[in-house]
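A.B. asks: Structure incoming, see below.
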Amino acid sequence: MNTPESPSARRQRSRQQLLEVIRRENGVTRADLSLITGLSRSAVAEAVQDLMNERLIAEDVLAAGGRGVGRGRPSALLVASGGDGYVVGIDFDHERVTVAVAQIDGQIRAEEHAAVNVDSEAAAALDVAAGMVHRLLGQTGMTLSEIRAVAAGVPAPLDVKSSRIHQASVLSGWVGLDPARELADRLGRPVVIGNDADLGAAGELRFGVAKGARDFIYVKASEGIGAGLVLGGAVYRGATGAAGEIGHTRLGEQGAWCRCGNRGCLETVVSSTLVRQLMREIGLPPARDEIFPLAEVARHPVTGRFIAEAGRTLGRVLADLSNCLNPALIVLGGELGTAGEALADGVRESINRYAQPTVASAVEVKLAALGLRSELLGAVGLAGQHALLEI
Ligand SMILES: [Zn+2]
């Protein structure tokens, strides 16, 4: 006959179970913990207090207007903490690499970016990123041994099983590469890799406008368009890791040829490349290479039309996706997201017009709070989560 579990053993087991969930999730409320673990609210409250006393977890506030705000007292988000040490986040975009050294809780200590042709020169981009890590560590007086985890985002779908890039049409120079291993070889630290839109979603979930959201879509609208899907509180990657590639939604039989081999894809009519092209055509040269944020472009009588139309077209695709997934929130990020409300208004207009009324009324459309840094901060957050899982 089994001896019944003592109250202290039960409490210890609940505590461990909750700690594991909090380390795995990207911010949960006490109510979420009760739902996820099946433990009673009082058991959750007691164990959470123990974990906070031991500084293994901390409270974070929900974003204004977010879930749990507005009905009585806002419920705080619980996030993993504890442990000294630092992490590195790396964001590989198509034409630039950004690296940040941060504390485990996400506070940035140093950050820099460099222009490099990421798409076709994989080895050079990886070397540049590794060099930047060494330089930032030197600037801050740290050594690699203090870095507990590294996370990097790449702008291509990653195979779920192998974490390799297998789609030749996006990052031609990276096909077959194992970016995590390549970086780990260069840095001598554990590296975890993610898709850029998934990391953008993670960044907004942990530090931005999506704090506390359980069902939301993050859209990275830059040269290409990808979505990070957070469903039931977890990033959804699909059977092979290609979920959320909304840039290749076909808008019609005709239209321009897309790099994927089809015609009329969303990316062929909505992209930051087209904004640059239009600016050149109407003699609106950027004052400098860096044309972002696009707020001024959105106010121009010609390019402003493009931004509004881009928002409506993107919104048509997001209306269909919303009918499938019924999200509570859509976050617009990437280079086009920097155009501001002009883009968001177009998206809202199409969602209200084309999504089912119950779906449209449930979804809020917001601009990424972290601007072009959502992916980088998502990488920092992911590295922090991995560092804490190692404890
Ligand atoms: Zn396509």
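A.B. asks: Can you say whether Ile147 is over 15 Å from Asp91 (Cα atoms) and at pLDDT 90 or above, as far as the supplied structure shows? Reasoning before the result, please.
C.D. replies: On the way: over 15 Å from Asp91 (Cα atoms): yes; at pLDDT 90 or above: yes.
Here the answer is yes, as Ile147 does meet what is asked.
A.B. asks: Please determine whether any residue of region 127-146 is out of contact with any Gly (no Cβ under 7 Å at 6 or more places or on another chain), assigned to a loop (DSSP other than H, G, I, E, B) and closer than 19 Å to Arg373 by Cα. Walk me through how you get there before you give the answer.
C.D. replies: Let us first name the residues in region 127-146 that are out of contact with any Gly (no Cβ under 7 Å at 6 or more places or on another chain), namely 127-143, 145.
Those still in the list that are assigned to a loop (DSSP other than H, G, I, E, B) too: 141-143.
Checking the rest, the ones that are also closer than 19 Å to Arg373 by Cα come to none.
No, every residue in region 127-146 fails to be out of contact with any Gly (no Cβ under 7 Å at 6 or more places or on another chain), assigned to a loop (DSSP other than H, G, I, E, B) and closer than 19 Å to Arg373 by Cα.
A.B. asks: Filter region 37-51 for residues that are in contact (Cβ under 8 Å) with a residue 12 or more places away in the chain and surrounded by fewer than 18 Cβ atoms within 10 Å (Cβ to Cβ) and give the result. Explain how you work it out, then say what you get.
C.D. replies: The first filter runs over region 37-51 and keeps only residues in contact (Cβ under 8 Å) with a residue 12 or more places away in the chain, leaving 37, 39, 43-48, 50-51.
Within region 37-51, Thr37, Ala45, Glu46, Asp50 qualify.
A.B. asks: Let me ask you something else. Among the listed residues Glu349, Glu335, which satisfies the condition of being out of contact with any Gly (no Cβ under 6 Å at 6 or more places or on another chain) and more than 20 Å from Pro155 (Cβ to Cβ)?
C.D. replies: Working: Glu335 fails: more than 20 Å from Pro155 (Cβ to Cβ).
On inspection, the qualifying residue turns out to be Glu349.
A.B. asks: Can I ask one more? Looking at region 196-209, can you tell me whether even one residue there is assigned to a strand (DSSP E or B) and either at pLDDT below 95 or surrounded by fewer than 24 Cβ atoms within 10 Å (Cβ to Cβ) (or both)?
C.D. replies: No, there is no match, as no residue in region 196-209 is assigned to a strand (DSSP E or B) and either at pLDDT below 95 or surrounded by fewer than 24 Cβ atoms within 10 Å (Cβ to Cβ) (or both).
A.B. asks: For residues in region 239-271 being within 13 Å of Leu314 (Cα to Cα) and not in a loop (DSSP other than H, G, I, E, B), which is farthest from the ligand (Cβ to nearest atom)?
C.D. replies: Ile246
A.B. asks: Quick one: Val150 ticks every box in (1) closer than 17 Å to Asp196 by Cβ; (2) surrounded by fewer than 21 Cβ atoms within 10 Å (Cβ to Cβ) except a single one, so which number is it?
C.D. replies: Here Val150 meets the rest and fails (2).
A.B. asks: Also, I was wondering about something else. With a cut-off of at least 1 residues that are touching a strand residue (DSSP E or B) at 6+ places or on another chain (Cβ under 9 Å) and in contact (Cβ under 8 Å) with a residue 24 or more places away in the chain, name the helices (runs of 4 or more DSSP H) lying wholly within region 272-391.
C.D. replies: Numbers: elements: 272-281, 295-299, 303-325, 334-337, 341-354, 357-362, 374-389.
Because the criterion is at least 1 residues that are touching a strand residue (DSSP E or B) at 6+ places or on another chain (Cβ under 9 Å) and in contact (Cβ under 8 Å) with a residue 24 or more places away in the chain, the helices (runs of 4 or more DSSP H) in region 272-391 that meet it are 272-281, 303-325, 334-337, 341-354, 374-389.
A.B. asks: Could you tell me whether region 229-240 includes any residue that is of a type in the set (Ser, Thr, Tyr), outside the structural domain of Ala310 (by TED's automatic domain parsing) and over 19 Å from Gly371 (Cα atoms)?
C.D. replies: The answer is no, given that none of the residues of region 229-240 is of a type in the set (Ser, Thr, Tyr), outside the structural domain of Ala310 (by TED's automatic domain parsing) and over 19 Å from Gly371 (Cα atoms).
The values are calculated or read from the model by the stated rules, or taken from the named source; none is laboratory data. Because the structure is predicted, anything quoted here is derived from the model rather than measured. With ideal geometry, Cβ positions are generated from the backbone for all residues, glycine too; neighbour counts draw on all protein chains shown.
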